[in-house]
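What follows is a set of notes on a single structure, which appears directly below.
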Amino acid sequence: MADGLTHVLVPYALATVLSLRYPWITTRLATVAMVGGVLPDLNRLQWIVPPETIESILGVSVSWRPMHSIGGVAVVIAIASLTVRATYRRAVALLLALGALSHFVLDLLLVPPAGTYQYLWPITSARLVVPGFYTSHDRWVAIVAVLLALAAHALARRRSHALERDSPVRIEG
C-alpha cells in the first residue's frame, strides 16, 4: 500500500508546486495528476479481469502488461483527454502524463527485479534496470511522499494567502 500512496502523493506535490508557476494548474487539475500517477498500475486489472476472459469474449489475444509502459499509458491518456471538454484536453493530457512519468521514475528507483518493466514499449522491449534505492514495501518512501505533499500544500496555501492579503480588492463583510 505504501507504493500506491506514493504514486498518488508525488504527482500531487509536483502539480501543486508547478501551480505556483503556472496558474492554470488548479486544485482540480492537480487531482488529474494524481490519477495519472496510478495509470501505469492499470496492468493490475488482470487480477480482476483475467486476459483469458477477454480472449474468450472477443476472440483475440489480450495482455494487460503493456499498460505499464509509455505506449499503454499514452493510449489511456489520449482516450481520457478526449472525454473532457476541448478547453481542458491539453491540461488533462499534460497532467496525466506528469503523474504517469512520476510513476515510472519512482518505479525505476525500485530494487530489481521489481523495477524491471518494459517501460519504453513500443519503442523498445528492453528492460531498464537501475540499481534501486527502495522496495515497494518500504514504509519510509510513503512517509517522504506524505511530507512532500504536505510541504507543497503548505507552500501553495501560504502563497494564496499572501496574494489575497496583497490584493487591491477588499471585501468587507
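The values are calculated or read from the model by the stated rules, or taken from the named source; none is laboratory data. No experiment lies behind these values; they were computed from the predicted model shown. Just the protein is used for accessible areas: all its heavy atoms, side chains included, with ligands, DNA and RNA removed. Shrake-Rupley method; radii C 1.70, N 1.55, O 1.52, S 1.80 Å.
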Practice item. Could you state the accessible area per residue of segment 8-123 in Å², with a 1.4 Å probe and every protein chain left in place? Key: 56 Å²
Practice item. Mind putting together the pair-distance distribution for segment 63-118? All Cα pairs, 10 Å bins, whole percent per bin, short to long. Key: 23, 46, 23, 7, 1
Exercise for review: Calculate for the chain the 222 nm mean residue ellipticity that helices alone would give, adding -39,500 (n - 2.57) per DSSP H run of length 4 or more and normalising by residue count, nearest 500 deg cm²/dmol.
Suggested key: -19000 deg cm²/dmol
Check your understanding: What is the percent of Cα-Cα separations in segment 54-151 that go past 15 Å?
Key -> 71 percent
Revision key, fill the gap. Length gained if residue 128 through residue 140 is fully extended, taking 0.36 nm per residue and subtracting the Cα-Cα distance, is 1.9 nm
**Study point:** Carbon + sulfur, % of accessible area of the chain - ligands and nucleic acids excluded, 1.4 Å
**Key:** 67 percent
Revision key, fill the gap. Once phi for every residue in segment 127-137 is put through the Karplus expression 6.51 cos²θ - 1.76 cosθ + 1.60 (θ = phi - 60°), the whole-Hz ³J(HN,Hα) values, with Gly and Pro written as x, are 9, 7, 10, 10, x, x, 10, 7, 9, 5, 9
Review point. Roughly how many Å is it from the Cα centre of segment 126-157 to that of segment 50-86, as a whole number?
Key: 27 Å
Review point. Radius of gyration and Dmax for the chain's Cα atoms, expressed in Å?
Key: 18.9, 67
